[in-house]
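Presented below is the structure to which this report refers.
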Amino acid sequence: MFAARMFRKRRDARGAGREGLNPGRSRHSAALPVLGLVVALAACTGTLDKHANAPALYWPTPPETPRFAFDAVLRSPSDIVENNEANRFRRLVAGDADPQPAFEKPFGVAARRGRIYVTDTVTRSVAVFDVPRRRFFRLGLRAPGTLLKPVGIALDGKMHVYVADVSARKVSVYDGLGLFLREIGNAADLERPTGVAVENSGERVYVVDRGSNESLSHRVVAYDGTGRKLFVIGTRGSAEGEFNVPVQAAVAPDGTLYVLDSGNFRIQAFDRDGRFLRAWGKAGSGFGDFARPRGIAVDGEGNVYVTDAAFGNFQIFNPAGQLLLPVGKHGDSDKPGRYALPGGIAVDETGRVYVVDQYFRKVEVIRRLSEEEGEHIAHAHR
């Protein structure tokens with residue numbers, strides 16, 4: 001588990017240099033190679049290409065012990081097929097054009113068992129990268145289950161896919177291969193559903209209702225797994241348990257619900273029955289502050305990951321809200337670890353982090369390093 005430590009000094013959150021954490025250990029990542037995404041828990045292997053000619057990139061920067069490393073980038077279906085130098089040469093000789101992009105305006109992302117699901121508001125679909133089978137497909141294009149403007153997305157332990165559709169004012173649920181199962185919520189319950197979070201069991205589903213700018217319906221609506229409405233958390237405001245433009249949410253392994261309350265520049269935590277637990281964050285430019293937070297995720301240890309479009313990074317907090325590490329920085333050029341408009345974020349069961357950049361139309365994969373890997377890399381730079 002991450003061992004939290006205060007930073008030696010406070011700096012502007014747009015930087016991402018020598019900030020460090022005490023050694024942490026990932027149970028799953030030690031056997032996973034640096035040169036590709038290997039889906040160990042899927043009983044088969046798939047590989048994502050690294051960014052061409054990209055140097056090794058770590059956070060924090062060595063000689064401090066790094067905890068994360070850039071792993072891969074997703075832009076097109078060809079990124080999950082074997083794409084070696086011979087194939088690139090054959091494509092060049094044949095005069096083939098650049099691969100078709102997988103998405104036009106990606107936002108939400110969810111990942112588990114080697115499948116990466118990315119919502120796309122322009123194509124009105126969810127792009128699915130099935131890495132173990134090296135297959136790409138879309139869901140939400142056909143009735144029943146046609147999507148209008150998919151934004152938020154979540155997975156349960158059965159690999160059911162929950163998609164918040166802001167225009168249809170509901171959540172559509174599919175199986176892992178795209179077969180439509182059911183709907184949750186409707187226009188009578190929801191004004192602008194932008195986010196969805198679900199327990200691993202699928203027994204409780206939380207829909208983030210952003211509401212309109214004039215509305216008081218800035219809230220979270222809870223349903224059971226069948227779609228029966230249970231209760232509502234909050235209304236518009238700034239007090240504990242109230243929201244101002246909530247956008248996304250995530251459920252921790254212990255059942256804690258974390259809501260990204262973007263207009264109040266904070267994260268709020270609730271128990272599974274909607275009772276307020278704690279909150280942290282404020283507007284600012286320092287580490288741990290928020291300026292334009294857009295996406296939230298929780299890892300298997302309960303750490304909370306939050307993207308921020310103003311900083312061009314994501315920040316990692318422990319469950320108590322203590323900042324552990326910022327990753328990435330703002331960039332006008334499309335390079336690994338540089339983000340112009342980060343949106344959704346997800347963490348899979350191996351500890352890999354998936355970050356959507358809407359401007360560069362990419363999903364970057366950041367790998368969690370084991371303690372041994374981090375120490376080896378740090379030692380090599382000393």
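The values are calculated or read from the model by the stated rules, or taken from the named source; none is laboratory data. Keep in mind that this is a model prediction, so the values were computed, not measured. Please note: Cβ atoms are built from the backbone with ideal geometry, for glycine as well, and neighbour counts cover all protein chains shown. Quick note on the areas: whole protein, heavy atoms, side chains included, nothing else; ligands and nucleic acids left out. Shrake-Rupley method; radii C 1.70, N 1.55, O 1.52, S 1.80 Å.
Return yes when Val251 is in contact (Cβ under 8 Å) with a residue 12 or more places away in the chain and either under 22 Å from Gly295 (Cβ atoms) or surrounded by 17 or more Cβ atoms within 10 Å (Cβ to Cβ) (or both) and no when it is not. Taking the combined requirement at face value, the residue satisfies it.
The residue that is farthest from Pro342 (Cα to Cα), among those in region 112-153 that are outside any loop (DSSP other than H, G, I, E, B) and open to solvent by 10 Å² or more (accessible area, probe 1.4 Å), is Arg135. The conditions of being exposed (fewer than 15 other Cβ atoms within 10 Å of the Cβ), under 30 Å from Ala168 (Cα atoms) and at pLDDT 95 or above are not met by Pro106. From the list Gly195, Gly202, Gly178, Gly157, the lone residue that is closer than 20 Å to Ala346 by Cα, assigned to a strand (DSSP E or B) and either open to solvent by 40 Å² or more (accessible area, probe 1.4 Å) or modelled with pLDDT of 95 or more (or both) is Gly195.
Is it the case that Thr65 is closer than 30 Å to Arg382 by Cβ, surrounded by fewer than 16 Cβ atoms within 10 Å (Cβ to Cβ) and at pLDDT 60 or above? Considered against the rule, which asks whether it is closer than 30 Å to Arg382 by Cβ, surrounded by fewer than 16 Cβ atoms within 10 Å (Cβ to Cβ) and at pLDDT 60 or above, Thr65 comes out as no.
Yes/no matrix, rows are residues, columns are (1) more than 24 Å from Gly152 (Cα to Cα); (2) touching a residue at least 60 places away in the same chain (Cβ under 8 Å):
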residue	(1), (2)
Leu324	yes, yes
Val327	no, yes
Arg338	no, no
Ser370	yes, yes
Gly374	yes, yes
His381	yes, yes
